[in-house]
Each structure stands twice: as C-alpha cells, then as structure tokens.
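For reference, the structure is listed below as structure tokens.
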Amino acid sequence: MGRYVINRLAAAIPTLLLLTLTAFLLNSAARGDPATNALRAGGQEPTPEAITAYREQLGLDDPLPVRYATWLGNALQGDFGRSFIDQREVSEILGERIGPTLRLGLAAFIFTTILGVGAGLLFGLFANTWIDYGGRVGSLLLASIPSFWLALLLITYVSEKWQLLPVAGYGGLKFMILPVLALSLGPAASLMRFTRSGMIEVWRQDYVRTARSKGLRQTFLVMRHALPNALLPITTLLGLRFGQLLAGAIVIESIFAWPGMGSALISAISGRDLPVIGAYVLIAGVLFIVVNLVTDLGYAFLDPRVRLDATGGRGA
Amino acid sequence: MSSLSNVAGAFPATRPRPAIHERPDMRPLRWLGKQKLSLLIPSALLLSIVVASILASVLAPYNPNALDMQQMLASPSPEHPLGTDQLGRDVLSRILYGGRTTIVMSLIGTVATVTLGLVVGLTSGYIGGRFDLIVSTLLTVLLSVPSLLLTLAILGILGAGTEGLLIALIGAGWVGHARIFRSSVLSLRETVYVEAAESIGASRGRILWRHIFPNLMTSVVVLATLDLGALILTITSLSFLGLGVQPPNADWGTMLNEARTYFGQYPLLAVAPGVCISLVALLCNLVGDAIRDVVDVGH
C-alpha cells in the first residue's frame, strides 16, 4: 500500500507542474504592458521613468524561468498578482468565492451520488423490467438536456410562475435547491448508467450464483454480495464526477448569480482578466487532482487488486 | 479481443474465411446495413436535422436578423410558424440559421479533435519507445484536469468569440481521443495479422494504413457521434454565457440568452432552441450507443 501511495503521489507531480506553468503563462501573457496598466490605474499617464522603475520592481525584465520561479514562490504563499480590471488582489477575489463554490459543489456531489447510485442500483436489480426501461429512457433524456436550459426552465416555472423558490442569489437551503438540481441531474444520469451496468455484471458473477444456489435470502444476497462489489469501481468514478460538477458549476453559478469562483471565471474571460483565469485554473486543477488522489487511494484501500497491479507486483 | 484473434489464428480454416483481397473494414459497414431500427431511425433523424441546418439559407422563410418592430413577440401564425422574438425576428429562421452555426461548429470541432487524436494516438502507439513515453505522459497530464477547464484556459488567452471557442475546444478535446486510440493501437499491434504483415516485410506506413487504421474505424465513428453531442452541449452553454457566438448572429445558445426575460410569457422562445439542443444531443447519444451495441454483439 505504501508503495502505491508513493507512486500515485509521484504521478501527480508533472500535472501540478503543467498547471502552474499554464497559470503562469496566462498571468504573463498580458495585453499591453502590465506596469503601464498598473500605473495608469492611478488615474494619469505615467512617466517613462516611473514605468522603468515599476518594471524593475515587478521583475518584468528578468528572463522567463526566473519570473516563473518568483511567480511560483508567490503563488505558493497565496499571491497570484492583481486583477487587470480593478487591480484587486486575485487571491482576495477568488478567496472570498471558494467557500460558496465548495458549498454548492459539495451539495451537488452528495445529491448526485445518492440519486445516481441509488437509482442505478434499482435499475440494475430490476433489469429488463418496466422500472429499468423507464429509468434508462429518463437517464438518457437527462444526459442530453443542457444544464443551463434546465436551469432556465426551473427559474421560469418554479421561481417566476409558481413563486416557490427564489430566482437567484446566495443564501440558505431555499437558494440552493434549484442550482443543485440543475447541476446534478446530468452527472447523476451518467452515474446511473454506470451503476446499473456494474450491478448487472456483478449479478452474473459465479459467486453470486453460488450464493443464490445456497438458497440465501434475496436481501442478504444484495446487501452482502452484490452491493459491495458493484459499488467498488464506482468510487473512482465519483472523483471524476466531482470534476464534472466543478466544470458544470461555472455555467450554473453564472445563471443563478451564485457568488462562486465559476461566475468570477466567466466575467474574467469576458474581460480578459488573465491573472484571475490563471489562478482559477490552478486552484480548480489542484482541487480536482486532490479529490481524484483521495478517491484512487480509497479505491486501492478497499480493493487490494488495484494496488498490487499498480506496483507491478503479483497483480497480473 | 486479442485472445480471440489468437485462437482464430491457431485453428485456421475451420470455416470458410473471406477471400484475401477483401478488406477487413468492410465488415462493420456490411452489418450496419443489416441493423435494426434503433440505429436507423435516430441516424436518419440526425442526418435530416444536420442537412436542414446546412440548407438554412434555402429553407428559412426570412432573414434571421431582419427586425420587424410591428411584429414583436408574435404568437405562431401561418407567416411565422414559431412566432417572432423580442425584436420581431422570425424564430423559425433563427432556429435554422442558429442550427447551422451550432452544428457546423460542432462538426468542425468533431472532425478536428478526432483526426488530431487519431494521428497522435496512431503514431505514438505504433512507434512506441521514448516518443510514446513522452506523448503518453503528456496525455496523462492533460487528462488529469477536466477538459472544460483546459478549454476555458485557452479561451481566456484567445478571447471570447466563435473562432476562439472553436480553437479552444479542439485544443482541449483531442487529448481524450488520442489516449483511446493509442491503447487500441497497442492491442492491435500484438495481433496475428499485424505480426504476419511485419514478417513479410510490410512497411510501417502500410501496416498502419492497411491493417491498424481500418480496425479503428468503428471506434472512430462511435467517438465522433458521441463527441458531436457533447460539443453541441458545450458550445451552446458557452455561447449562452456570451463566450462563443456573438449577437446578432444566431446560435441556439445565444437565442436562449437573448430571450431570457420573456420566457415566462412566451415559453416558445425558451422551448424551441432548448428542444433543438436536447434533441440533437439525444440523437447523437442514441446513434453512438446503437453503433456500440452492434459492435459489441459482433464480438
């Protein structure tokens, strides 16, 4: 297990390097001269001397690798530079938005998992009955409907027509129901399909047939033999689902005026605010890598075959 | 799969084999012809939507950007079968033109990502060695972040707009395909017929083109249809957010964005573009799944 953890951690290093490099390049691919821009924000046209001095102060004349190292050092301490638009610290802009994003993401993650896995197991258990057919049609439809359209329909009907829930904004449970629904239904649909086929496959295994022929009760069979084995491969999918939700949140946050990192990203792209985009890519990427690392390690912990395979040991 | 072909190689000529000049890539097409309605109906529908959109300039009754202040937000009528929008523009014409924008962009994106993925996957998987090590490491690194994140990073550098969005989507989209094709090549390389071709001195290019590439055709078709559906969803989402197609040009995403405030009173403005997006995405999923089912049965 120890070796597997080390291997898995080492594999994340090149990805982290690429992420920081991307964020750095975004940060330095500025339109116009950043020193001039920063000084101009003061209100009047800066003198050439002031620009030269400021450039030196920012280290803009250093070679690229040196600037990368400096930038990386700053980024590790949470300093991502300043926004091109309003000169605020990027860490401040995104820092106050991480909380709402994680809140929405986590709620959607829990909802997606419960709905996707629950319904998927149900469809798998009742494979080729009308429950299963209905579920398959439903999940196919949900996977094809764009989340932003679903969000628009929910706002139009649930909030505006029937006035059941607030249209948009940030707050408690009432404000979260519609965004979570719009965000989760698509990913939940694909989770349903995976869980369903996993369940059907486990149901065909020899050990389930043996257990059945011994005359075990159906509930015991499901709970003890089929469920744990069907759920195992799904744990790795959950990590990927998290990334899907993170990406989906970019769209959904903007529609519901949810003050998260995603809506900040959209306005940053519209305004070509490169430091914010760079910092977002880095933060979201690291978040995604960490979540996947955790789920992979969890999977390896639960299923010894995985870690034996990956260390090149007796697995194959 | 490779074990199956090994068995076939070990016991040759137990049943009549196809003549040698017959190329293996014709088999998928032949049973596609025999296939059931679950494939034919969605394919036909999808094809007709694609054709209708491409022929938008012929089929559309009005200029999609022509304003008519006398006829704002009109209900469906014989002149305007889907009514008009908040600026008096004919919704049916905008749906057709918008479909052309959305579908042509998605088609270009699909062809480009699949081709790029195929080229990288084929060369990397077949050449192997250090080149493959570098490429596969790069693929792993790029795939360890969600592809929408990559798309938005590129879009951030290029700036919002139709071309920027298309380049960003291609730049982020080929990676997943390359990995799939690479692993298919790795297993195809071990098959008996490739070994046989190598043993009679066929060149690398010939083996790739005549023996490996044809066997990837079904995965190419499946991936391309699923990709088309996914791209339509991404393109319309980003256009909706103002990062893709720019107004006044019609696109199913921008149509939804522009008419947002009128959905309550005029549901058709929300329903028409949304149903189109969902329908095309659904048809792509159905076609992709149906082809995959057929392939699995074939094995």
Does B:Val141 satisfy the criteria of being surrounded by 17 or more Cβ atoms within 10 Å (Cβ to Cβ) and on the phi < 0 side of the Ramachandran plot? yes
Restricting to the stretch B:184-206, name every residue that is of a type outside the set (A, V, I, L, M, F, W, C), closer than 13 Å to B:Gly128 by Cβ and crowded, with 16+ Cβ neighbours inside 10 Å. B:Arg189
Looking for whichever is surrounded by 15 or more Cβ atoms within 10 Å (Cβ to Cβ), in contact with a helix residue (DSSP H, G or I) (Cβ under 9 Å, 6 or more places away or on another chain), of a type outside the set (Val, Ile, Thr) and at the interface with chain B (Cβ under 10 Å from one of its Cβ atoms) here; the options are A:Leu121, A:Leu140. Which one fits? A:Leu140
One residue is enough: does the stretch A:251-259 have a residue meeting the conditions crowded, with 18+ Cβ neighbours inside 10 Å, assigned by TED's automatic domain parsing to the domain that holds A:Leu140, of a type in the set (S, T, N, Q) and farther than 18 Å from B:Ser237 by Cβ? no
Looking only at the stretch A:133-189, count how many residues are over 20 Å from A:Gln244 (Cβ atoms) and in a loop (DSSP other than H, G, I, E, B). 11
Name, by its number, the condition in (1) of a type in the set (Phe, Trp, Tyr); (2) in a helix (DSSP H, G or I); (3) over 19 Å from the mean Cα position of the chain (by Cα) that does not hold for A:Phe109. (3)
Tell me, which residue of the stretch A:4-19 that is exposed (fewer than 15 other Cβ atoms within 10 Å of the Cβ), farther than 20 Å from A:Pro275 by Cα and aliphatic (A, V, I, L, M) is farthest from the other protein chains (Cβ to nearest Cβ)? A:Ile6
Any residue at all in the stretch A:205-216 that's aromatic (Phe, Trp, Tyr), within 11 Å of chain B (Cβ to nearest Cβ) and part of a helix (DSSP H, G or I)? no
Tell me yes or no: at least one residue of the stretch B:211-229 is facing chain A (nearest Cβ under 10 Å) and under 29 Å from B:Leu47 (Cβ atoms). yes
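For the stretch A:165-188, what are the residues that are of a type in the set (Gly, Ala, Ser), buried (at least 24 other Cβ atoms within 10 Å of the Cβ) and over 15 Å from A:Ser254 (Cα atoms)?
Listed by number, the residues that qualify are A:Ser184, A:Ala188.
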Single unsatisfied condition, B:Tyr262 versus (1) under 18 Å from B:Arg100 (Cα atoms); (2) touching a residue at least 60 places away in the same chain (Cβ under 8 Å); (3) out of contact with any Ser or Thr (no Cβ under 8 Å at 6 or more places or on another chain): (1)
Can you confirm whether the stretch B:207-217 contains a residue that is surrounded by fewer than 17 Cβ atoms within 10 Å (Cβ to Cβ) and closer than 24 Å to B:Leu283 by Cβ? yes
Which residue out of A:Ile234, A:Ile131 is at pLDDT below 90, farther than 29 Å from B:Tyr262 by Cβ, in contact with a helix residue (DSSP H, G or I) (Cβ under 7 Å, 6 or more places away or on another chain) and exposed (fewer than 15 other Cβ atoms within 10 Å of the Cβ)? A:Ile131
Result of the Cβ filter at 6 Å on the stretch A:11-27, keeping first residues that are in the same structural domain as A:Ile277 (by TED's automatic domain parsing) and partners that are at pLDDT 85 or above and surrounded by fewer than 16 Cβ atoms within 10 Å (Cβ to Cβ), at least 6 apart or interchain, is A:Thr20/A:Leu72
Quick check on A:Asn229: is it assigned by TED's automatic domain parsing to the domain that holds A:Ala23, free of Cβ contacts under 8 Å to residues at least 60 places away in the same chain and of a type in the set (S, T, N, Q)? no
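For the subset of the stretch B:230-263 comprising residues that are in a helix (DSSP H, G or I) and of a type in the set (D, E, K, R), which member is nearest to the other protein chains (Cβ to nearest Cβ)?
The selected residue is B:Arg260.
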Residue identified as under 30 Å from A:Leu25 (Cα atoms) and within 10 Å of chain B (Cβ to nearest Cβ) among A:Val290, A:Val294, A:Val281: A:Val281
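The values are calculated or read from the model by the stated rules, or taken from the named source; none is laboratory data. As the structure is a prediction and not an experimental result, all values here were calculated from the model. Here Cβ is always computed from backbone atoms with ideal geometry, including for glycine, and neighbour counts include all displayed protein chains.
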